[in-house]
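Below is one structure; the comments refer to it alone.
The values are calculated or read from the model by the stated rules, or taken from the named source; none is laboratory data. This structure is a prediction, so every number in the text was calculated from the model and none was measured. Counting neighbours? That spans all protein chains shown, and the Cβs are built from the backbone with ideal geometry, glycine included. Protein only, heavy atoms only, side chains kept; ligands, DNA and RNA dropped before computing areas. Shrake-Rupley method; radii C 1.70, N 1.55, O 1.52, S 1.80 Å.
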Amino acid sequence: MSRSGDAVRMTVIIVTGALLAASCTAPVTTPTSAMSTPSGGGGSTISSAGSTTEQSSPLQSAISPAMPTPAQDRPHPSLPVSNLPPPPDPTGPDALQRRHDTAFASLLTTLSTSLQAGNRTQFLASFTPALAGRVGLWFGNTRALGVSGARFARSDDYFSGATDSMSSFSRTVVLGIRTPYDDDGSMPGIPYLVTVSMTTAKGRPSMSITTWEPRFLGDPMNCECGLSVVHSPTVAVVFDSADPDLAFWSTAALAAAGGGIAWSHLQMLGSGLVAPKGQVIFLADRPFHWFLTATAPAQTSNVTVGLIDALAPHPGATYSDQSRIVVMLQSPDGAVIPNDQQGREYAADVITHESTHQLMNRNSHLAVRSEGSPPTWALEGIAVAVETLYRDSLGDSANIGYPEPNDPKNIDPGWFRAHLTDQMPTRNQLYSASTDGAGYYAIAGSVFRFLDQHYGYPTMMRVAAAMYARPDQDPFAYFPDPLDPADPGHYLPTATARNLWKNWFVLTYEN
């Protein structure tokens, strides 16, 4: 959390876990096998033949109709019992789901290809008239941001969300859309609930979509409003076209993104981290649920969110390494942060901070995120370090009367003397709504500032990346041993590293 004037800034990152964020956690569907059979389903069982009866000839019957023939007197011959499974019941629920899935796959292909081609008429033809208006806005917003690729992938949710009858069915679908600002080959998406009505017209089956809505997470494209986009080759800023405050802020936000991101990517050369191709930044001036759990309290601060991978073997169960950023321009008193020199400096600080979260998501190898994976203080600490180091790099040009709120040199030394302990800041302390939050952010960021000062920026970034390589890592376990520079994998004991940092912190910021 940081402050801009009276504006409290808290960063929440959605990262995985099961699934997604900094850290609000978004639910995802858990895949079952691709062709699971629902409980209670199944076809009728056809038993194997057990015996045969030989018929006597007409002549034998005429001679002695009451007397058994030798053949009838013999034991019935036994036939082998088949080990093959019974043939599926063409009228059972399994077969119905398969027929629906086959037809639905074709429909999803039509939708994704028409979206990518910009064919609005073909896209909307699959929806009922009641949905055409809202879905038309979704289509226009998505196209305004840009569509470099699209794949609509059905989730394996037979046990959690799929319903099938002769007249309709529902599925969860990951709407994978690659924008021009996402990495090539990626397909980040958001899960949607889609319900399809099945009818017959002139003897031919017909499908119409009757439900099209975000399943678990809020989607700004589904805002029932028109969105506008200003962009550079690598950054897109998205805002509500009807909001004059956001429209006024849009070009300033785009300019604010042009400094810290490029600077940080240049500084990290040699670290081994891969920079994202670009950034998609949404502007907000009121609480929102975008990319967050729809049933949770609305978000009132900045957030960086990892999306869902539509190319994964089980769509809906794996996070993409692509992210979206939301910049909150509403202060706690409900007013919009002024678009003046200090307000623009605030926006630059926020975007530099949030784009660092995006960078770490891009380089994460964690399948699941939890309280300790990565540690929340380390997750926020590296973003604070990059944010404050960039401001330092600007020198006197950044002295505009708005001190960097998360820089430890701008925190009262008495506050550190009262609050610095042997424990690193907790999640609740970091995301506190009080002014203490900035102090705890500064403590977390100082660990990585120490690494930058003593080992260099690339090493600082490598230590941060180690938090995203395996679960439950500790930055202090990755302080290089300065007495053994020839062995880059030789680290100081954790307790030694912690004491080195703490002694440095006290000497630097408490006196």
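Assorted remarks:
- One decimal place: the segment Arg134-His365 gains 79.5 nm when fully extended, by the rule 0.36 nm per residue minus the C-alpha distance.
- Efficiency of FRET from Cβ geometry, Asn428 and Thr163, R₀ 51 Å, rounded to 0.05: 0.80
- Placed amide H near Val230: partners under 5 Å, 5+ positions off or other chain: Val237
- Overall form of segment 369-510 per C-alpha gyration tensor (a/c, 1.5; a/b vs b/c): prolate
- FRET E, pair Arg120, Gln453, Förster distance 45 Å, beta-carbon r, rounded to 0.05: 0.25
- Share of carbon and sulfur in the accessible heavy-atom surface of segment 225-366 [1.4 Å probe, %]: 57 percent
- Carbon plus sulfur fraction of accessible area for segment 420-472, probe 1.4 Å, in percent: 45 percent
- Nonpolar atom fraction for segment 89-140, defined as the carbon and sulfur part of the 1.4 Å probe accessible area, stands at 59 percent.
- Whole-number accessible area per residue in Å² for segment 369-510, which is evaluated in the context of all protein chains at 1.4 Å: 42 Å²
- Taking θ as phi - 60° and the Karplus parameters 6.51, -1.76 and 1.60, the scalar couplings of segment 419-432 work out to 10, 6, 10, 6, 9, 6, x, 7, 4, 5, 5, 5, 9, 5 Hz in sequence order, x denoting glycine and proline.
- ³J(HN,Hα), Karplus 6.51/-1.76/1.60, whole Hz, each residue of segment 212-218, x for Gly, Pro: 8, 8, x, 7, 10, 10, x
- Size of charge dipole - segment 241-388 - debye, nearest 20, with Cβ of Lys, Arg +1 and Asp, Glu -1, no other charges: 420 debye
- Distant-in-sequence amide H partners of Lys277 (H built 1.01 Å from N, under 5 Å): Asp183
- Note: relative contact order over segment 369-510, using C-alpha pairs below 8 Å and six or more positions apart, is 31 percent.
- Looking at segment 264-317, the accessible area is 38 square angstrom per residue; that uses a 1.4 Å probe and ignores ligands, DNA and RNA.
- Sequence-distant lysines (8 or more away, or on other chains) whose Cα lies within less than 24 Å of Lys409: Lys502
- Counting every pair of alpha carbons in segment 93-215, the share spaced more than 18 Å apart comes to 52 percent.
- Cα-based Rg and Dmax for segment 203-294, where Dmax is the largest Cα-Cα distance (Å): 18.2, 66
- Accessible surface, segment 93-215, averaged per residue in Å² (probe 1.4 Å): 40 Å²
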